[in-house]
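The values are calculated or read from the model by the stated rules, or taken from the named source; none is laboratory data. Model, not experiment: these values are computed from the prediction. Note that each Cβ is placed from the backbone with ideal geometry, even for glycine, and that neighbours are counted across all protein chains shown.
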């Protein structure tokens with residue numbers, strides 16, 4: 001049974017502990033609320049303020065596991081706190097590790113401060129979990145995919161049209177790099193893993209992947225400069241900085257350009273014309 005009193009008390013305590021600056025919001029001079037307001041949390045969780053408020057008031061419908069996951073993410077909960085929240089709502093906590101899509105609070109706090117920067121959080125299989133608005137403007141909404149298509153490495157071979165965003169001279173290396181990363185994940189997690197599933201699917205449908213896979217390459221890493229061919233602003237050369245959450249094996253990727261360069265000006269322009277971002 002759902003523990004409504006426990007759920008309400010825990011939500012209130014976590015909301016009141018979270019400060020505006022923790023999620024990239026300015027602290028206004030008139031703010032009197034301890035922690036975040038209910039409407040601020042509700043907006044972060046993509047739910048109505050009324051729905052969230054009723055949970056804190058020990059009423060309303062039984063929240064689904066999807067709703068609880070969204071609240072846990074919006075409140076920057078740790079894995080232990082997330083699991084506790086799931087149990088209070090009478091749900092089994094999701095798995096941890098490579099299968100987990102819960103972004104840890106440390107990585108989430110940094111990400112929420114990058115609202116004016118191109119950035120994304122991805123899994124070790126190249127599945128995008130979160131993007132900043134400028135990140136979406138740069139590469140398109142990569143969170144919209146489902147199933148194996150969520151992985152950029154899978155899309156690279158299964159849907160070659162996805163390569164159009166990247167400089168043609170980099171395609172050969174990127175294909176080898178994605179195959180190398182998939183092999184590392186498969187070795188780490190073994191048969192029955194999602195990495196194994198992706199590899200099996202690609203081996204069955206892509207001759208190019210079979211050729212690259214047979215090279216047995218391991219340890220290929222992204223080059224220092226990433227080159228894009230954006231449909232709205234043209235060629236871009238960006239540096240990519242990476243921060244790893246070792247517990248969840250999630251990566252925060254931050255894309256920047258050298259000030260004063262043409263790519264820097266184009267990235268600034270993308271922040272304005274984000275609606276015209278790529279869709280592939």
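Among residues belonging to region 160-199 that are outside any helix (DSSP H, G or I) and within 23 Å of the chain's Cα centre (by Cα), point out the one that is nearest to residue 219 (Cα to Cα). So the residue we want is 193. Once region 256-272 is narrowed to residues that are in contact with a helix residue (DSSP H, G or I) (Cβ under 7 Å, 6 or more places away or on another chain) and touching a residue at least 24 places away in the same chain (Cβ under 8 Å), the residue that is surrounded by the fewest Cβ atoms within 10 Å (Cβ to Cβ) is 271. Tell me, yes or no, whether region 182-191 has at least one residue that is within 19 Å of residue 145 (Cα to Cα), touching a helix residue (DSSP H, G or I) at 6+ places or on another chain (Cβ under 9 Å) and assigned by TED's automatic domain parsing to the domain that holds residue 220. Yes: region 182-191 contains one or more residues that are within 19 Å of residue 145 (Cα to Cα), touching a helix residue (DSSP H, G or I) at 6+ places or on another chain (Cβ under 9 Å) and assigned by TED's automatic domain parsing to the domain that holds residue 220.
Being surrounded by 15 or more Cβ atoms within 10 Å (Cβ to Cβ), out of contact with any strand residue (DSSP E or B) (no Cβ under 7 Å at 6 or more places or on another chain), free of Cβ contacts under 8 Å to residues at least 40 places away in the same chain and assigned to a loop (DSSP other than H, G, I, E, B) is a description that applies to residue 36. Taking region 42-115 and the helices (runs of 4 or more DSSP H) fully enclosed by it, the elements with 3 or more residues that are out of contact with any strand residue (DSSP E or B) (no Cβ under 6 Å at 6 or more places or on another chain) and under 22 Å from residue 136 (Cα atoms) are at 65-74, 105-112.
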